[in-house]
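K.L.:
Pasting in a structure now, in structure tokens, and then I'll have a few things to ask.
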Amino acid sequence: MSTERAHITIFDTTLRDGEQSPGCSMNSQEKLRLAQQLDRLGVDVIEAGFPIASDGDFESVKEIAATVRRPIIAGLARACRPDIERAWEALRHAACPRIHVFLATSDIHLQYKLRITRDQCAEQAREAIQLAKSFCDDVEFSPEDATRTDPDFLCRVLDAVIEAGATTLNIPDTVGYTVPFEFADLIATIRRRVRGIEKVTISAHCHNDLGMAVANALAAVSAGARQVECTINGIGERAGNASLEEIVMAMRVRPDRYPYETSIVSEQIFSASQMLSEITGVPVQPNKAITGRNAFAHEAGIHQDGVLKNPLTYEIMTPKSVGVPDSKLVLGKHSGRHALSMRCEQLGYQFDRRALDDIYRRFVRLADKIKHVEDHHLLELIRDTHKPSGSATPLIEPIVPANEAVVNAPALEPELPKPFPVASQTNALGVPLPINAAPHHEQTQQEDYLWGV
Ligand code: KIV
Ligand code: ZN
């Protein structure tokens, strides 16, 4: 039995569709920086912009085309001569250029936006692809609002553009309206009915208005699409596009359900996400899958204890596999001694049972007052617990058990059993890197498989 997996082309449109989201515009220098990170991430196609949209967009597509040489560089164009010529002008020096032409096909767009008939639409699409093809071998066509287009008419337009030379047919769910079963059916219908479909790549482009962009994209792949269009952190028009990191990691973690491979270097995901967020100033939602700061955080004591004993108990992929340097245990009132002791170690302190009990009691009182106990709180608390009496006001009042309330308090201060210097290095999440290199859990080959990465 062959174990070979179909390759899924990752088409990143962070710099085009992603940049269209409010507050996410970038200048040319920033776009180039991000394009270079997308290259390191291993994306197959970078949609660098919409060259006719502005001189700035034109220049940045041109610069990316000249500088980033491994991936295909795509430029967007409406189905008309000025757009296609401008796109080609920006792309012509790329090592692997692609012109991406789009034209709406749904009746609502034809009637109200474009004011053309179906016949005119089919003809315009054919002519536009012929023109694009006269410049460039690699031509993609997108029937905008495909999921609200009459399937018979959609197939007719797709027949025409394949005949005119399109090499990728992208099926956009422009308004995020479809649902997984329906989208899979649409891809299956296209595969069954469109002439010459076996010669071209089918692509899925999903928006997230109903929160189903990733599910829809994966459904399309299961139905035979071999390219997905997506963005870092899922940014994009309105509710965004399908998130690159979620699609890729779904395939890595669940190869039993999604037996496909991509060229993505998953360890570069977190850096790409952080870079985008830093450039745009738009923070990643904390509970965002894969790249949110809580994606690998565990607060409940039972979870923390489990993760420390064996990460597989509550983590389905390693933080390291997506480039997060260390998992983050959130310390709050539900946290247990084990997590507290582990974080103290990461901060450079080891305590014996008695001293840990003391710290833990104070920690719980503090966590009752403030929601999350951050590292700086914990350090203060450790210092308070072990400070000579009479010094600065403690963060919380010390608990002095009756039998320990003695006259000469300083002499009875418990000593730190093995104090290490506080780590100065932190990971990308601002969490101090562990000083104690001894792994808490040995990862076996079997677990490597379970991690799926
Ligand atoms: O959502 C959409 O329809 C698009 C096309 C231009 C592909 O972004
Ligand atoms: Zn889009």
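The values are calculated or read from the model by the stated rules, or taken from the named source; none is laboratory data. Not measured: the values here are computed from a predicted model. We place every Cβ from the backbone using ideal geometry, glycine too, and count neighbours over all the protein chains shown. We work out accessible area using only protein heavy atoms, side chains counted, and drop any ligands, DNA or RNA first. Shrake-Rupley method; radii C 1.70, N 1.55, O 1.52, S 1.80 Å.
K.L.:
Among the candidates Ile279, Ile269, Ile290, single out the residue that is away from ligand 1 (no atom under 16 Å from the Cβ), open to solvent by less than 50 Å² (accessible area, probe 1.4 Å) and farther than 26 Å from Val330 by Cβ. Outline the logic, then answer.
P.N.:
Details: Ile269 fails: farther than 26 Å from Val330 by Cβ; Ile290 fails: farther than 26 Å from Val330 by Cβ.
Every option except Ile279 fails the conditions.
K.L.:
All but one of (1) free of Cβ contacts under 8 Å to residues at least 60 places away in the same chain; (2) out of contact with any helix residue (DSSP H, G or I) (no Cβ under 7 Å at 6 or more places or on another chain); (3) crowded, with 23+ Cβ neighbours inside 10 Å hold for Ile99, so report the exception by its number.
P.N.:
(2)
K.L.:
Ok, one more. Can Ala188 be described as away from ligand 1 (no atom under 15 Å from the Cβ), open to solvent by 20 Å² or more (accessible area, probe 1.4 Å) and closer than 30 Å to Pro22 by Cα?
P.N.:
On the way: away from ligand 1 (no atom under 15 Å from the Cβ): yes; open to solvent by 20 Å² or more (accessible area, probe 1.4 Å): yes; closer than 30 Å to Pro22 by Cα: no.
Taking the combined requirement at face value, the residue does not satisfy it.
K.L.:
Between residues in segment 130-151 that are open to solvent by 10 Å² or more (accessible area, probe 1.4 Å) and residues that are assigned to a strand (DSSP E or B), which pairs lie under 6 Å by C-beta distance while being six or more apart or on different chains?
P.N.:
From residues that are open to solvent by 10 Å² or more (accessible area, probe 1.4 Å), the pairs are Lys133/Val139; Asp138/Arg98; Glu144/Phe102; Glu144/Ala104; Glu144/Pro172; Thr147/Asp173.
K.L.:
Please specify each residue of segment 102-117 satisfying the condition of being open to solvent by less than 80 Å² (accessible area, probe 1.4 Å) and in a helix (DSSP H, G or I). I'd like the intermediate steps shown before the answer.
P.N.:
Step one: list which residues in segment 102-117 are open to solvent by less than 80 Å² (accessible area, probe 1.4 Å), which gives 102-107, 109-110, 114, 116-117.
Listed by number, the residues that qualify are Asp107, His109, Leu110, Leu114.
K.L.:
Also, I was wondering about something else. What is the one condition in (1) within 13 Å of ligand 1 (Cβ to nearest atom); (2) modelled with pLDDT under 95 that Arg5 does not satisfy?
P.N.:
All conditions pass for Arg5, except number (1).
K.L.:
On to the next question. Can you tell me which of (1) under 18 Å from Thr9 (Cα atoms); (2) β-branched (Val, Ile, Thr); (3) open to solvent by less than 50 Å² (accessible area, probe 1.4 Å) is the one Ile235 doesn't meet?
P.N.:
Ile235 satisfies all of (1) under 18 Å from Thr9 (Cα atoms); (2) β-branched (Val, Ile, Thr); (3) open to solvent by less than 50 Å² (accessible area, probe 1.4 Å) except (1).
K.L.:
Yes or no: Glu19 part of a helix (DSSP H, G or I) and buried (at least 24 other Cβ atoms within 10 Å of the Cβ)? Explain how you work it out, then say what you get.
P.N.:
On the way: part of a helix (DSSP H, G or I): yes; buried (at least 24 other Cβ atoms within 10 Å of the Cβ): yes.
The answer is yes for Glu19.
K.L.:
Now, a different point. Out of all the residues in segment 152-165, which are touching a residue at least 40 places away in the same chain (Cβ under 8 Å), closer than 21 Å to Ile99 by Cα and not β-branched (Val, Ile, Thr)? I'd like the intermediate steps shown before the answer.
P.N.:
Taking segment 152-165 as the starting set, the residues that turn out to be touching a residue at least 40 places away in the same chain (Cβ under 8 Å) are 153-154, 157.
Those left that are additionally closer than 21 Å to Ile99 by Cα: 154, 157.
Passing the criteria: only Leu154.
K.L.:
Any idea which of (1) within 16 Å of ligand 2 (Cβ to nearest atom); (2) in a helix (DSSP H, G or I) is the one Arg238 doesn't satisfy?
P.N.:
Condition (2) is where Arg238 drops out.
K.L.:
Among (1) open to solvent by 20 Å² or more (accessible area, probe 1.4 Å); (2) polar (S, T, N, Q); (3) under 30 Å from Met275 (Cα atoms), which single condition is Gln304 missing?
P.N.:
If we test Gln304 against (1) open to solvent by 20 Å² or more (accessible area, probe 1.4 Å); (2) polar (S, T, N, Q); (3) under 30 Å from Met275 (Cα atoms), just (1) comes out false.
K.L.:
With respect to the numbered conditions (1) within 14 Å of ligand 2 (Cβ to nearest atom); (2) open to solvent by 10 Å² or more (accessible area, probe 1.4 Å), which one is the sole condition not fulfilled by Arg254?
P.N.:
Only one criterion in (1) within 14 Å of ligand 2 (Cβ to nearest atom); (2) open to solvent by 10 Å² or more (accessible area, probe 1.4 Å) is unmet by Arg254, namely (1).
K.L.:
Based on this model, can you work out whether Ile52 counts as part of a helix (DSSP H, G or I), open to solvent by 10 Å² or more (accessible area, probe 1.4 Å) and among the aliphatic types (A, V, I, L, M)?
P.N.:
yes
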